[in-house]
1. Working carefully through the options ALA314, ALA234, find the one that is over 30 Å from PHE139 (Cβ atoms) and among the hydrophobic types (A, V, I, L, M, F, W, C).
2. Hey, could you check region 203-234 for residues that are open to solvent by less than 20 Å² (accessible area, probe 1.4 Å) and modelled with pLDDT of 90 or more and say which is nearest to ALA729 (Cα to Cα)?
3. Could you tell me which of the residues ARG897, ARG937 is out of contact with any Phe, Trp or Tyr (no Cβ under 8 Å at 6 or more places or on another chain), closer than 26 Å to TRP849 by Cβ and either at pLDDT 90 or above or part of a strand (DSSP E or B) (or both)?
4. Answer yes or no: is there a residue in region 621-638 that is surrounded by fewer than 21 Cβ atoms within 10 Å (Cβ to Cβ), closer than 17 Å to ASP564 by Cα and either modelled with pLDDT under 90 or of a type in the set (Gly, Ala, Ser) (or both).
5. Yes or no: LEU247 open to solvent by 20 Å² or more (accessible area, probe 1.4 Å) and in contact (Cβ under 8 Å) with a residue 12 or more places away in the chain?
6. Going through LEU412, LEU452, LEU408 one at a time, which residue ends up being within 21 Å of TYR354 (Cα to Cα), at pLDDT below 95 and buried (at least 19 other Cβ atoms within 10 Å of the Cβ)?
7. Consider region 774-788. How many of its residues are touching a residue at least 40 places away in the same chain (Cβ under 8 Å) and open to solvent by 10 Å² or more (accessible area, probe 1.4 Å)?
8. Just to be sure I understand, how many residues within region 693-715 are among the small types (Gly, Ala, Ser) and either in a loop (DSSP other than H, G, I, E, B) or at pLDDT 90 or above (or both)?
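The values are calculated or read from the model by the stated rules, or taken from the named source; none is laboratory data. Being a predicted model, the structure only gives us computed values, none of them experimental. Glycine gets a Cβ as well: all are built from the backbone with ideal geometry, and neighbour counts include every protein chain shown. We work out accessible area using only protein heavy atoms, side chains counted, and drop any ligands, DNA or RNA first. Shrake-Rupley method; radii C 1.70, N 1.55, O 1.52, S 1.80 Å.
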Amino acid sequence: MTRPYDRFAHREVVDPPSSFSLRKIPCRSPGCDRWFCNNAGLTKHMRSKHRIPLLQARPIPTPWPIEDLDPQPIDNPQPIDNPQPIDNPQPIDNPQPIDNPQPIDNPQPIDNLPNSPPPDLNIPADGLGGVSEGPEWEFHPYLCATPCDENHVYLPPGTLPTPPPVRAPDDWTPYRNRVEFELAEFLYQKVQMSGNDINVLSQLWRASLINHGVPPDKIDLFDSCDSLYTTIDATPFGDAVWQGFSLSYNGPRPDNTPEWMTTTYDVWHRDARQLLHNMLANPDFDDEFDYVPFHEFDAQKRRRWRDFMSGDWAWKEANTISNNPETHSAMLVPIILGSDKTTVSVATGHNEYYPVYMSIGNVRNNVRRAHRNAVVLLGFLAIPKTDKWHADDNEFRKFRQQLFHSSLAQMLSSVCPAMSTPEVTRTPDGHFRRVIYSIGPYIADSPEQSLLACTVGGWCPCCTAPLRAGDPSISGERRSQGLTNALINALDERLLWYQYGIVGYVMPFTSEFPRADIYELVAPDILHQVIKGTFKDHLVTWVGEYLNLTCGKTYAKTILDDIDRHAHRPILFCSGSRWHLQFPGLRCFPQGRGFKQWTGDDSKALMKVYLPALEGHLPADVIRAFRAFLDFCYLDMLGLVQDALDRFHHFRLIFQAIGVRPNGFTLPQQHSLCHYRQLICLFSAPNGLCSSITESKHIKAVKEPWRRSNRCNALGQMLVINQRLDKLAASRSYFESKGMIKSVVLADSCERAGLFGNDERGYLSSVTELAGIFHQPDLQALIHRFLFDQLHLDNPNAPAGSDVPLSWCPRFNSKVSVYHTATAIFYSPSDPSGIRGMRSECIRCNPRWRKRTPRFDTTFVQRDPSRPGVRGFDVVRLRALFSFVWEDKYYPCALIRWFAHVGDVPDEVTGLWVVQPETNTDGTPAVAVIHLDSVLRGAHLLPIFGDSFMPIDLSPHNSLDAFETHYINKYIDYHAFEFAS
């Protein structure tokens, strides 16, 4: 059988690599030995490592003003034919220069500023489609981020950045050398060793070195923990000192004054302006930083929303700012805030903290999600408490809400002057620029969104929809600060509360800052509104209630147990009757999902595998409702997203018809989904503003520092720990930007000492031995046919190796190197797993994985490059990974078994493609040896279970043999969804 994807070019190498890596495109820069899977990965590497611009990188807009350009003489100027004289030219008498020009009072708005084009319904919402052919960018014409010097003087185009103070290339100040810096980073940041343990370790090291003849005064190690702490504190980078202020109740007090009215509440924070300067000057952001608001279009001239600065909010904010001519050529820096209460211990002491985080909208979403110092701890809010008698008191509630907003306003007060008048600061590319700040979106969960927007709990913070509205047909007027002020002036507090859901007695913190409207700054919250809200709290719960109503509680438990085993005990540790294949990054729940507290990762893991787990136990419309909801979560076209939401609203009615939701769907989380299309247009892809960013930041900024404290006045110790962590991170960023850290410290030391290691991990085996291990007696013949295909790659008329007599094929009798893993690296800009759009995936082919049972992963291999998506690829199961050298050429190979597509379209109910193992005409499995470069990435298969219960003693490692057909799971990640849809 002729398969065009058996023919892949080989590459010549001197020595075989230590482990497989599915990369076939080399970097052509001198001295670089990196290889890549595709051109997208190569261009990303060139952009980040060699500073060679991408062909499709976002261009830098023409700097403004043009008056600063040096005029160039015109070669061979041509005379103007029939020049016309100027009528009655008037000379200027004694022209005088203008001294001390004054700014224009009350400047008039500039007419005809470019506005955002009307949204196209079929628009990539978060870049899932990768980089299309011929993207175009439209940059804002006035806030164009022109480089300048420290004195506000604009620089001509092409001027190099003003260099920072010069330091020696081996200057590790305040550390003595690289080893000492990485030791400090390891002890304090990574392993978080206590001071006593650091002292013991230091003494052991020093004793060991003295025993080996090193004089005590020559030992370059920390003497004690105090020496370590002092060195970190002396770091000149990333410094932002903690400061505090106090607030207290200043209203009328009753005779029996409660304690909360007399308490002084301390708020600790760092200078927001200094933190912004540190982030803007971080050279690590240079390749992932947008200096100017822009509109991005694909080859079909459709708008694309990917990162924050491509959204309509940034463009409109730039329009408003540029009404003042003095702001022209400045750089807009949106300030993104986020806060969320967190509990560090449920057992002892004061266990709640209220951290506030800050980021900037210029860094791209993947950087913000990966933190990389783009999300910093701004401060800790006070948490007022009282006794149960006064907990529901109206005055206490008012004070608590106003304390929140007043604290935020004070914490950001240092930035307020630069929100009207630009200031000069250094930016990631090394240039100075005039920057002007704006309060941007606020990351918060649903209860805190109500606190921010000063709305009643259960009301939508974005619109005036009725209380706890969940029906998308019930629409409300879009909230704004102007509308709220008008209602406050016209109505009393009771009417505001019950008719409009407005808390009229609280002044939002945004009222202290120019151009800030809190109702325009409420960010979408994927974690609590979509993943944990609509999916886990609603849909998954409704499944159990549906089974209780239709099957009875006893039989419903049996079905739910089967679904749990199906969806949650998938992997080698499975003991249940239903499971699915392993996949990189897939979470395992050996005891099912019967745990008390779900995390966001738990819910996302369930979303990936839950749809097929329900099939056979629930009606088709329930499956379609889940499918529509998952499509809403994964789709990247705004029009298709709205269509998926409409389908979800239609198919969820089955839960109302059966009695699970007899009173309809008055659910704030599901109502919030109706605003996602508009919020995507404003803020671009919502994954860059999700509360999962702040919740994951809790671990490093709050919980781990609290555990390292002695629990006595823990907050002060936590502040110091965070400050030292920031200094270490800033030091690493600086050293890396100067090229002082290029490899692991041991390799660097070995290279200087002339020592080199060997990391060869493959083991040799004969073809006969390998054929016996994998029960493939025809392996020798398959290799011969593979070599025939490789020798005839350039001849399109040559027959396939599988169709020619074996005597025509080259002979191979040498040893082969066997491996158990391969690394697939591919371009996946839609997935937040990697920086710069690259994703790395480990593919396993191990006869005794973890010394237990076999694991042979499934992958996609290319079939027809002219066909889009999964139609151009086949699914195969790896049976062996090996390599060999034949006639001085290196061949990485895979022994695989073919899977064939069942039908030409996906399944009608689930929307998933169906495959089954392919067999030859005699009934034997269809196998082959292919070049490893033909493998794209891993494929996740889900068995089609049907409506019967599976035997409990079925082993999970042979599910591909136990089931006849399988689904290709497109919900395993965003790249797979785009690829397999």
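1. Numbers: ALA314 fails: over 30 Å from PHE139 (Cβ atoms).
When all the criteria are applied, what remains is ALA234.
2. Filtering region 203-234 for residues open to solvent by less than 20 Å² (accessible area, probe 1.4 Å) gives 219, 222, 225, 228, 232.
Still in the running and modelled with pLDDT of 90 or more: 225, 228, 232.
On the way: CYS225: 19, LEU228: 15, ILE232: 11 Å.
Among those residues, the one meeting the criterion is ILE232.
3. Details: ARG937 fails: out of contact with any Phe, Trp or Tyr (no Cβ under 8 Å at 6 or more places or on another chain).
Testing whether each residue is out of contact with any Phe, Trp or Tyr (no Cβ under 8 Å at 6 or more places or on another chain), closer than 26 Å to TRP849 by Cβ and either at pLDDT 90 or above or part of a strand (DSSP E or B) (or both) leaves just ARG897.
4. no
5. Yes; evaluated as a whole, the condition is true for this residue.
6. Details: LEU412 fails: at pLDDT below 95; LEU408 fails: at pLDDT below 95.
Within the list LEU412, LEU452, LEU408, the selection yields LEU452.
7. Of region 774-788, the ones touching a residue at least 40 places away in the same chain (Cβ under 8 Å) are 774, 776, 778-779, 782-783, 785-787.
If we keep only those that are open to solvent by 10 Å² or more (accessible area, probe 1.4 Å) as well, we get 774, 776, 778, 782, 785.
So the answer is 5.
8. Pass one, region 693-715, residues among the small types (Gly, Ala, Ser): 696, 701, 709, 714.
Going one step further and asking which of them are either in a loop (DSSP other than H, G, I, E, B) or at pLDDT 90 or above (or both), we end up with 701, 709.
Of the residues in that region, 2 qualify.
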